[in-house]
Amino acid sequence: MSTGNNKLTTSWGAPVGDNQNSMTAGQRGPTLLQDVHLLEKLAHFNRERVPERVVHAKGAGAHGYFEVTKDVSQYTKAAFLSEVGKQTPMFIRFSTVAGELGSADTVRDPRGFAVKFYTEEGNYDLVGNNTPVFFIRDAIKFPDFIHTQKRHPQTHLKNPNAVWDFWSLSPESLHQVTILMSDRGIPATYRHMHGFGSHTFKWVNAEGTAVWVKYHFKTEQGIRNLDVNLAAQLAGENPDYHTEDLFNAIAAGDFPAWTLYVQIMPEADADTYRFDPFDVTKVWSQKDYPLIEVGRMVLNRNPENYFAEVEQATFSPGSFVPGIEASPDKMLQGRLFAYSDAHRYRVGANHNQLPINRPVAEVNNHQRDGAMTPGNNGGSALYYEPNSFGGPKESPEYKAAPFTVSGQAASVAYDHNDHYTQPGDLYRLLSSEEQARLIRNIAAAMAPVEYEEIKLRQIGHFYKADPELGRGIADALGLSVPDEN
Ligand code: NDP
């Protein structure tokens, strides 16, 4: 257990004489203000927590590597994807979304799937979920949506009225709601689920040609889900079940792996595809854009320290590297701001300098100072540009690929509003047992809603996706499908 120097010290490095008894004025006298070791110990303890994430608070992380298995250099110039066999170190954080830091793992919720690749051209973060779509498609609705997943302002209880009110008034959520209520809404472990970049991104090759891209991490462990009764039991008996499973598997040398595939869409297809390819509530059919293998991610090392590596890990969908860029997806556009902003608030302006977030690529810029600046803060180097003294300069060859925009600046909705075909397709690809469980899960989740109007509005959406689905839920709730009255 011993690790060399065993002398206990204060935070300023001086040896501690007594760590068991505070200094008092005599045997029964009050504690002395001059016991600075005691003061420092209590004061630091009060400051041990950083604010938990507003969403994705409960999580587990692991280190690993990504290895390229197929040549995709015709689509992207990203250096870490440039040749077959190339390995890049990475870190992943899995999470639930709505619950607090100590909440149970085995709840029905999407799972965060946030990957940081430490590439030679800077960190590339792919901050996705275990689902290919999301509940909303414009970031302006995100705070409202999350408020429906959080607690009632008066009772501090979860609020099914709000959940289903919002979803039934936001039919673009239907696809994600259907996936969430299916068996895959409660994965057996973090190892037995897929991961998705969810948004559409842009890949640009060495010639400057752009394509649209979607990412799919397929689990090599196979999809496994939890039975709802077992999940409820585990939520009480072992609320950290998924966290424990991931740690123990890696500690035992049973390294989980995922194969990364992409779907590639030629740039021009975005104008004619039957769904808006930038709408994150929709998938691109794999019949239209088949999966193309890219590589393999293997998790082979547990964090040494949870707080330093998992709690302080900060991911941003805006951390791109050359060859990977944003798309006009309105949800992505909002996240490009919101994630880094959350980390500046939660961890601090210098969060990217912490060991878990620090790029392996050399960071050379003119940012200085700020709370908790580690390192030598750029030393004596000048911190402005342009300068005549040899400071770092921009490299025009890394400018983002230019693209054309047109139209009026305005608050505009997406053109495409078919929110029913894709959830219906999902329902129809399920086995009859999976369909029956989906209906049961939805009915169980909607049963506590106190307003019939909300239930009927939502049943109407499920009915439009597939009449059998809508009728099944209505029957289970003792209601009629509104259209059939
Ligand atoms: P495909 O038949 O080509 O693909 C079906 C997809 O559905 C596969 O990725 C499959 O993943 C996944 N899937 C199978 N069972 C379930 C389930 N119980 N819950 C969630 N996903 C499941 O058809 P399309 O590409 O045309 O998609 C049809 C529907 O499948 C879509 O409307 C969408 O709801 C759903 N889907 C589509 C995805 C896509 O990227 N196109 C991705 C995931 C779901 P697996 O191989 O692991 O079984």
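The values are calculated or read from the model by the stated rules, or taken from the named source; none is laboratory data. Values in this document were obtained by computation on a predicted structure and should not be read as measured data. Virtual Cβ from ideal backbone geometry, glycine too; neighbours counted across all protein chains shown. The area values use the complete protein model at the heavy-atom level, side chains included, leaving out ligands, DNA and RNA. Shrake-Rupley method; radii C 1.70, N 1.55, O 1.52, S 1.80 Å.
Odds and ends about this structure:
- Which numbered condition G379 fails, given (1) over 29 Å from the mean Cα position of the chain (by Cα); (2) open to solvent by 50 Å² or more (accessible area, probe 1.4 Å); (3) not β-branched (V, I, T): (2)
- The residues listed here are N248, N225; of these, the one that is within 26 Å of G64 (Cα to Cα), within 11 Å of the ligand (Cβ to nearest atom) and surrounded by fewer than 20 Cβ atoms within 10 Å (Cβ to Cβ) is N225.
- One residue stands out in the stretch 316-359 among those that are in a loop (DSSP other than H, G, I, E, B) and in contact with an Asp or Glu (Cβ under 7 Å, 6 or more places away or on another chain): the one that is farthest from M372 (Cα to Cα), namely P322.
- Each residue in the stretch 126-136 was checked for being within 15 Å of the ligand (Cβ to nearest atom) and either assigned to a loop (DSSP other than H, G, I, E, B) or β-branched (V, I, T) (or both), and 6 pass.
- Taking the listed residues H194, H199, H216, the one that is in contact with a Lys or Arg (Cβ under 6 Å, 6 or more places away or on another chain), within 16 Å of the ligand (Cβ to nearest atom) and over 21 Å from V449 (Cα atoms) is H194, with no other qualifying.
- H351 closer than 30 Å to D279 by Cβ and open to solvent by less than 100 Å² (accessible area, probe 1.4 Å): no
- Inter-residue pairs, beta-carbon under 7 Å, first more than 14 Å from K141 (Cβ to Cβ) and in the stretch 159-183, second within 16 Å of the ligand (Cβ to nearest atom) and of a type in the set (S, T, N, Q), 6+ apart: H175/T281; H175/Q422; I179/T131; M181/N441; D183/N225
- Given (1) in contact with a Lys or Arg (Cβ under 8 Å, 6 or more places away or on another chain); (2) open to solvent by less than 50 Å² (accessible area, probe 1.4 Å), number of the condition K330 does not satisfy: (2)
- Total residues in the stretch 131-166, condition more than 25 Å from F94 (Cα to Cα) and of a type in the set (F, W, Y): 2
- Among the residues listed as G253, G236, the single one being over 24 Å from the mean Cα position of the chain (by Cα) and either assigned to a loop (DSSP other than H, G, I, E, B) or surrounded by 17 or more Cβ atoms within 10 Å (Cβ to Cβ) (or both): G253
- Helices (runs of 4 or more DSSP H) within the stretch 412-485 that include 3 or more residues away from the ligand (no atom under 16 Å from the Cβ) and open to solvent by 20 Å² or more (accessible area, probe 1.4 Å): 452-465, 467-476
- The set of residues in the stretch 256-278 that are open to solvent by 10 Å² or more (accessible area, probe 1.4 Å) and either touching a Pro at 6+ places or on another chain (Cβ under 7 Å) or within 12 Å of the ligand (Cβ to nearest atom) (or both) comprises T259, Y261, A270, R274, F275, F278.
- Any hit, the stretch 279-300, residues being open to solvent by less than 30 Å² (accessible area, probe 1.4 Å), part of a helix (DSSP H, G or I) and at pLDDT 95 or above: no
- Cβ-Cβ under 8 Å pairs, at least 6 apart or on other chains, the stretch 269-294 side of a type in the set (G, A, S), far side within 14 Å of the ligand (Cβ to nearest atom) and open to solvent by less than 30 Å² (accessible area, probe 1.4 Å): A270/W212; A270/P277
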